[in-house]
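I have placed the structure first, in the form of structure tokens, so that the comments after it can refer back to it.
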Ligand SMILES: Cc1ncc(C[n+]2csc(CCOP(=O)(O)OP(=O)(O)O)c2C)c(N)n1
């Protein structure tokens, strides 16, 4: 969905049914609950929550991209302080960034309902790590609700705001990739506007300090106890008693797989994993002969159930790595002796082709990293489309840790005295604004000798092309202040700053060498819009003139997917040809071809 989709009337005055993804349903639930502020930093699989909220009327909800997840949560907390219902959304690793604020807020409590929609990525489809957000819920002593499908995503989000205000606590609604991105028929309802709850002018409750936290610590543990009772009695937690030989405790999307695989088993479907509804679990366990826990990722419930002295099986049969599925849950029950093995599925006649991830044809990052190829430079990388430059043939990135790490890593390399090569930190525009700026200040402050290559493609390409402060447009497409990177870097204390065109390979090469010779922090801004966003760029394609290719294969070092092997050979080596459907005419290949073989225009035009 485009973040700049025109606002249409998405309100419903009566109940009706709509096809919504889990993320759209979370947005809907928040809107129905009367949310008036929502903030997020994009990240798969959570991005569409805010994009969906931005399609609701402006007068209902202020929806914004924040510069990072901690800022997003702080913004939501600010709204909550003023009595507004507020939503913050992030992917699981985004909660790492926001965790500091979350833990404090748990102690402070909330005024207006405060809900965090956190989407985990089991299977690491598009993330740095595999993490189970439920562990954060426990750490922060805040409840976590785990919907199983899009309908529940809506209802649980609505309930989360009530829960938040009833118990004065932030509430996490946890989704996972499969739920966030699956579309289903969802019954929607009208919006419930909330009465104003003015700011409580009580600094002794609003300002965190040791005396407050010491006072609050026993209170939040009492809140935990009360929430445990709520989780055991809410209709969102339900027992489906059937064949009592097998009882399964499950939560979230795992419930759907259990139902598919064991339709007649007895099930305790929990509304969430923390605080755990222990009384409901004890009652359920007493009614079944053999107890299983089926949950995605960590043995979070299982460990607690065992600690309660109940015999239960879980991760011995159901994987702790990656996503659950109907297939692997079925296999687990086969291994546990509950189900008979099925005849193996017929083999697929030909296996699907493995397609390694590649940068797009004409991606400006290709030019930037082409200038950094070779063994004579140490290159730290960061998170974004450009992380793919670590792969062959560019192979121009040595390290990558987490968002914003590239500059700090480079500072450490420089100041350790253990690295002799010039050090270049490479970082995308959104990532720079997210977490790179403090590290740049650190580099200048501590007199590191590093070059920072800022890859300005004017968008958050990795997550589908969102706006950020460098684009000068908001989530709703309004024009706003646009960050001036040169002025920003200068304000951080950088004096050596150059701007290059990412497609100009010679200039990139030359400027980066000069930057590396500079003694101190140098910044090179590599500037070209992403070829997909905000509009798909389609220039005149190139082709290779007949017999011009000598199979030197220099152009193949670009890793541009529009350059493909030809069946024609020259001196035993494959020649190259252009996939004209992919080529956007960036002309980077033209600059590396020693025989000037590339010709503008579709093939056949030179014959
Ligand atoms: C903590 C965290 N938040 C969000 C993400 C999702 N994410 C991955 S890369 C990225 C930013 C990419 O934008 P940019 O740095 O501009 O590089 P581009 O992809 O445009 O090349 C985001 C938001 C993440 N991986 N980790």
Antiparallel bridge percentage (DSSP; both residues within the range 441-575; nearest 5): 25 percent
Considering only the chain, percent of DSSP beta bridges that pair antiparallel, nearest 5: 25 percent
Crossing angle, helix 92-108 versus the chain [Cα axis fit, 0-90 degrees, rounded to tens]: 40 degrees
Distance between the range 519-546 and the range 179-247 - C-alpha centres, whole angstrom: 47 Å
Enclosed volume per residue, in Å³, of the convex hull spanned by Cα atoms of the chain: 197 Å³
The range 542-600: relative contact order as a whole-number percent, Cα under 8 Å and 6+ apart: 47 percent
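At 0.36 nm per residue, minus the direct Cα-Cα distance, what do residue 482 and residue 264 gain on full extension? Give it in nm, one decimal, please. Don't skip to the end; give the middle numbers.
Working: separation 218, 0.36 × 218 = 78.48 nm, distance 5.85 nm.
Answer, rounded to one decimal: 72.6 nm.
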46, 66, 127 arranged by Cβ crowding within 10 Å, fewest neighbours leading: 127, 66, 46
Sites residue 233 and residue 168 - FRET efficiency at Förster radius 22 Å, r taken between beta-carbons, to 0.05: 0.70
Tilt relative to the chain, helix 150-167 - C-alpha long axis, 0 to 90 degrees, to 10: 70 degrees
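With both partners inside the range 364-527, how many of the DSSP beta bridges are antiparallel, as a percent to the nearest 5? Spell out each step's value before the answer.
On the way: 2 of 23 bridges.
So the antiparallel bridges amount to about 10 percent of the total.
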Cα gyration tensor, the range 364-527 - rounded (a/c under 1.5), prolate or oblate: prolate
Percentage relative contact order, the range 238-335, counting C-alpha pairs under 8 Å, at least six apart: 30 percent
Label point distance in nm, residue 16-residue 289, each placed 7 Å from Cα along Cα→Cβ: 5.1 nm
Chain lengthening between residue 510 and residue 536 when straightened (0.36 nm per residue, less Cα-Cα): 6.4 nm
Residue exposure sequence - 171, 401 - by fewest surrounding Cβ within 10 Å: 401, 171
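Per residue of the chain, what 222 nm ellipticity follows from adding -39500 (n - 2.57) for every DSSP H run with n ≥ 4, rounded to the nearest 500? Before the final figure, lay out each step's value.
On the way: 19 runs with 194 residues, N = 607.
Helix-only estimate at 222 nm: -9500 deg cm²/dmol.
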Two-site FRET efficiency, residue 308 against residue 343, from Cβ-Cβ distance with R₀ of 45 Å, rounded to 0.05: 0.70
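Based on the Kirkwood radius over alpha-carbon pairs, what value in µm²/s does the Stokes-Einstein equation return for the translational diffusion coefficient of the range 542-600 at 20 °C and 1.002 mPa s?
Values: Rh = 11.2 Å.
The Stokes-Einstein estimate is 191 µm²/s.
Taking Cα pairs under 8 Å and at least six residues apart, what relative contact order does the chain come out at, in percent? All intermediate terms of the calculation are to be shown ahead of the outcome.
On the way: 1342 pairs, mean separation 66.2, N = 607.
Reported as a whole number, the value is 11 percent.
Can you give the FRET efficiency for residue 82 and residue 546, using 1/(1 + (r/R0)^6), R0 = 51 Å, r = Cβ-Cβ distance, to the nearest 0.05?
Details: r = 70 Å, r/R0 = 1.38.
FRET efficiency, residue 82 to residue 546: 0.15.
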Centre separation in Å (Cα based) which lies between the range 123-147 and the range 393-434: 28 Å
Separation in nanometres of the label points that stand 7 Å from Cα toward Cβ, at residue 518 and residue 399: 2.2 nm
Folded to 0 to 90 degrees: helix 326-335 orientation relative to the chain principal axis, Cα: 60 degrees
Cα centroid separation, the range 268-341 to the range 41-104 (Å): 32 Å
Contour minus Cα-Cα distance for residue 574 and residue 419 (0.36 nm per residue): 51.9 nm
Ranking of 598, 199 by count of other Cβ atoms within 10 Å, fewest first: 199, 598
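Quick note: the coordinates plus some simple rules give every number you see, no bench work behind them. Since we're looking at a predicted model, the values are computed, not measured. Quick reminder, even Gly has a Cβ in these numbers, built from the backbone with ideal geometry, and neighbours come from all protein chains shown.
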